[in-house]
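Engineer: Dropping a structure here in structure tokens format, bear with me for questions.
The values are calculated or read from the model by the stated rules, or taken from the named source; none is laboratory data. Please read these numbers as outputs of a predicted model, since none were measured by experiment. Cβ coordinates were reconstructed from backbone atoms using ideal geometry, including for glycine residues, and neighbour counts include every protein chain displayed.
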């Protein structure tokens, strides 16, 4: 990795980054604007690709990240002892702002591995795990995925049943995970398993790093109603994991999971409404103009409401991300960000559906109409991805507003012991 740590000021660092980008990537056409009827007619939450095309795109993304890492820009704020540049959040922001001006391969394959799994390894992993995986993850020598949800444990993650049984210096993991993004091209996964069935459900869990190519790991694609297969179910049949690949203490996996989940909600919440950010809203505005509805007062009012919600959510997301970049742990504001992002996506879909009417459901060949159908079909999944809306509201109510907890029951609490108006821990 090239040493950029000598660039002590943000300005010097920015000059080095610009020189690297100029030499390795073409600049975007800054003057190019969105024009209705031009370019690919495609709108979706998840970009649907066949597996061959997907793997080719992942390879391109990895090539770019390796080049960026070797030049010193792959992990700007990371600790130097684990392969990072050891610089500040201001340096990272300067690089990302510059990089956004260049044409580079999509970095989507690293959203989970670097946005959720790697920070968890840094926070809870053993020295063996940190030294073995962090550099490789940020250099894209390996890609990571998150193995949390199960068929009977989604938003109520603590009800998971995948088991990990200790066998000397190893653990044997058996169970099933579901809705795993990127499992088909991942090399390692962060998994939460039950290690003590006699403890309350939140206290008998432990986190591990698992080799996705290990004997006993089977990945199967899940077909969605959008027609694609962006997710997978993963089966573990007596998969062995070394104890130095454990994350945190035994039976303290819930705290490990919270670290990952808060980062996940930050990533989902920052999505910008339907997977397109401001470009998606620009497309909506141009659609209204194209259909001659820009003078309709009711349409204008709904559009303004849509844009205001998106802007407010963006300000909240920025505040939350600045907190993380300043070195603070993510908190309940991530649940606000995730919930706001989901609601804004639903508002966007409702608005588009009203404006397009029957054009949305019939592929007439008219540009910018039926293309929205994939987004409409994919968006409802956001209400459960990364924690359901109901769970997010509970977190906000209890941890932000200070409201009393809902009555609850777990497998160790007899139903008869719960009484209206009381709480039981």
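Engineer: Which of the numbered conditions does residue 375 fail, given that it passes all the others? Conditions: (1) modelled with pLDDT under 90; (2) in a loop (DSSP other than H, G, I, E, B); (3) under 22 Å from residue 228 (Cβ atoms).
Structural biologist: (2)
Per-residue answers, yes or no, for (1) touching a helix residue (DSSP H, G or I) at 6+ places or on another chain (Cβ under 9 Å); (2) surrounded by 18 or more Cβ atoms within 10 Å (Cβ to Cβ); (3) at pLDDT below 95; (4) outside the structural domain of residue 378 (by TED's automatic domain parsing):
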{"residue": "172", "(1), (2), (3), (4)": "no, no, no, yes"}
{"residue": "187", "(1), (2), (3), (4)": "yes, no, no, yes"}
{"residue": "214", "(1), (2), (3), (4)": "no, no, no, yes"}
{"residue": "226", "(1), (2), (3), (4)": "yes, yes, yes, yes"}
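Engineer: Hey, among the residues in the stretch 329-372 that are outside any helix (DSSP H, G or I) and crowded, with 20+ Cβ neighbours inside 10 Å, which one's modelled with the highest pLDDT?
Structural biologist: The residue in question is 369.
Engineer: Would you call residue 97 within 29 Å of residue 184 (Cα to Cα) and either out of contact with any helix residue (DSSP H, G or I) (no Cβ under 6 Å at 6 or more places or on another chain) or modelled with pLDDT of 95 or more (or both)?
Structural biologist: In short, no.
Condition check ((1) modelled with pLDDT of 85 or more; (2) out of contact with any strand residue (DSSP E or B) (no Cβ under 7 Å at 6 or more places or on another chain); (3) surrounded by 15 or more Cβ atoms within 10 Å (Cβ to Cβ); (4) closer than 23 Å to residue 392 by Cβ) across all residues:
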residue: 233; (1), (2), (3), (4): yes, no, yes, no
residue: 236; (1), (2), (3), (4): yes, no, yes, no
residue: 239; (1), (2), (3), (4): yes, no, yes, no
residue: 263; (1), (2), (3), (4): no, yes, yes, yes
residue: 309; (1), (2), (3), (4): yes, yes, yes, yes
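Engineer: Which of (1) within 22 Å of residue 216 (Cα to Cα); (2) under 22 Å from the mean Cα position of the chain (by Cα); (3) surrounded by 18 or more Cβ atoms within 10 Å (Cβ to Cβ) is the odd one out, the single condition residue 162 does not satisfy?
Structural biologist: It is condition (2) that residue 162 fails.
Engineer: Specify which of the listed residues (123, 140, 118, 132) is in contact with a helix residue (DSSP H, G or I) (Cβ under 8 Å, 6 or more places away or on another chain) and surrounded by fewer than 21 Cβ atoms within 10 Å (Cβ to Cβ).
Structural biologist: Only one candidate passes the filter, namely 123.
Engineer: Would the stretch 291-302 turn up any residue that is in the same structural domain as residue 391 (by TED's automatic domain parsing), surrounded by 14 or more Cβ atoms within 10 Å (Cβ to Cβ), out of contact with any strand residue (DSSP E or B) (no Cβ under 7 Å at 6 or more places or on another chain) and modelled with pLDDT under 85?
Structural biologist: Checked the stretch 291-302: no residue is in the same structural domain as residue 391 (by TED's automatic domain parsing), surrounded by 14 or more Cβ atoms within 10 Å (Cβ to Cβ), out of contact with any strand residue (DSSP E or B) (no Cβ under 7 Å at 6 or more places or on another chain) and modelled with pLDDT under 85.
Engineer: Moving to a separate point now. Which residue, of 221, 200, is modelled with pLDDT under 95, exposed (fewer than 15 other Cβ atoms within 10 Å of the Cβ), touching a strand residue (DSSP E or B) at 6+ places or on another chain (Cβ under 9 Å) and under 26 Å from residue 173 (Cβ atoms)?
Structural biologist: Sole residue among the options that is modelled with pLDDT under 95, exposed (fewer than 15 other Cβ atoms within 10 Å of the Cβ), touching a strand residue (DSSP E or B) at 6+ places or on another chain (Cβ under 9 Å) and under 26 Å from residue 173 (Cβ atoms): 221.
Engineer: Considering each residue of the stretch 35-72, count those that are more than 30 Å from residue 16 (Cα to Cα) and surrounded by fewer than 18 Cβ atoms within 10 Å (Cβ to Cβ), and give that number.
Structural biologist: Total satisfying the criteria: 16.
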